[in-house]
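Below is the structure I would like to discuss, written out as structure tokens.
The values are calculated or read from the model by the stated rules, or taken from the named source; none is laboratory data. Bear in mind that the values here come from a model prediction, so they are computed numbers and not experimental data. As a convention, Cβ positions derive from the backbone with ideal geometry for all residues, glycine included, and neighbour counts pool all protein chains shown. Surface accessibility is based on the protein's heavy atoms, side chains included, excluding ligands, DNA and RNA. Shrake-Rupley method; radii C 1.70, N 1.55, O 1.52, S 1.80 Å.
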Amino acid sequence: EYNYSKNYKKAKITEETLKESKETGCYYTNLKIWIKLFGKKNVKIIVMDDTKKEPLKVIQDLYKFLKVDSKFIPKSLNKDIHVGGAPKFKSLNYLRMFVQKMGGFLKKKGLNSMINFFRKLGVNKILWIVLLHNVKKSKKEIPKEISIDKLKKDYLPDIEKLEKFLKRDLSEWKK
């Protein structure tokens, strides 16, 4: 959350952004809401670590959960798709975001014919290409305002509850 905001939205660290980042990172707390809404049998929990270690097993388990053909193997299964990072050229990224916002503006004004015209010109495809190719890998940063020890202390209770709920060791997350 923080790194995305920093790279793409010129984020300034405030108490609000820190609170939002912490809220999205408390998986057990958020998971409880989904389970309350949909019931435990209707929620499939996938741990990202598993998708890296055993992508085929994870996708087949997901297919079984969805009651679709679990023998299907997508060609992209072992490929990294849209790996996160920072824009190589920020000005190009701002231009892309501006064009996207213009689409929203045109839609609000009821100018759908203009939107369709730009689609036929391939503007959406160009924006997608810019998004995919204007990315450089960036290392994840923790804001100077936060100490690692504080983060560990803040997240530990939620991780421990998640461990109990999943009946799974998440000690890697506590390091």
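Rank these by accessible area, largest first, 1.4 Å probe: K175, K161, K44.
K175, K161, K44
May I pose another question? So what's the net charge close to Y63: Lys and Arg +1, Asp and Glu -1, counting the other residues with Cβ under 12 Å from its Cβ?
+3
Strictly over 19 Å apart at the Cα level, which of K22/K44; K32/K52; K40/K64 would you flag in this model?
Going by Cα-Cα distance, K22/K44; K32/K52 fall outside the 19 Å limit.
Among 20-33, 103-116, what's the highest-first ranking by average C-beta atoms within 10 angstrom per residue?
Per-residue mean Cβ counts within 10 Å order the peptides as 20-33, 103-116.
Around D169, with a cut-off of 15 angstrom between Cβ atoms, what is the net charge of the other residues, counting Lys and Arg +1 and Asp and Glu -1? Don't skip to the end; give the middle numbers.
Values: positive: K53, K161, K164, K167, R168, K174, K175; negative: D49, D50, E160, E163, E172.
So the environment of D169 carries a net charge of +2.
Name the shape class, rounded, prolate or oblate, that the alpha-carbon gyration tensor gives for the range 66-115, where a ≥ b ≥ c are the square roots of its eigenvalues, rounded holds for a/c under 1.5, and otherwise prolate holds if a/b is larger than b/c and oblate otherwise.
Values: a/c = 4.62, a/b = 1.57, b/c = 2.94.
Cα axes put the range 66-115 in the oblate bin.
Amide H of V135: which non-local residues (sequence gap of 5 or more, or other chain) have their own amide H closer than 5 Å, using H built in the peptide plane?
K88
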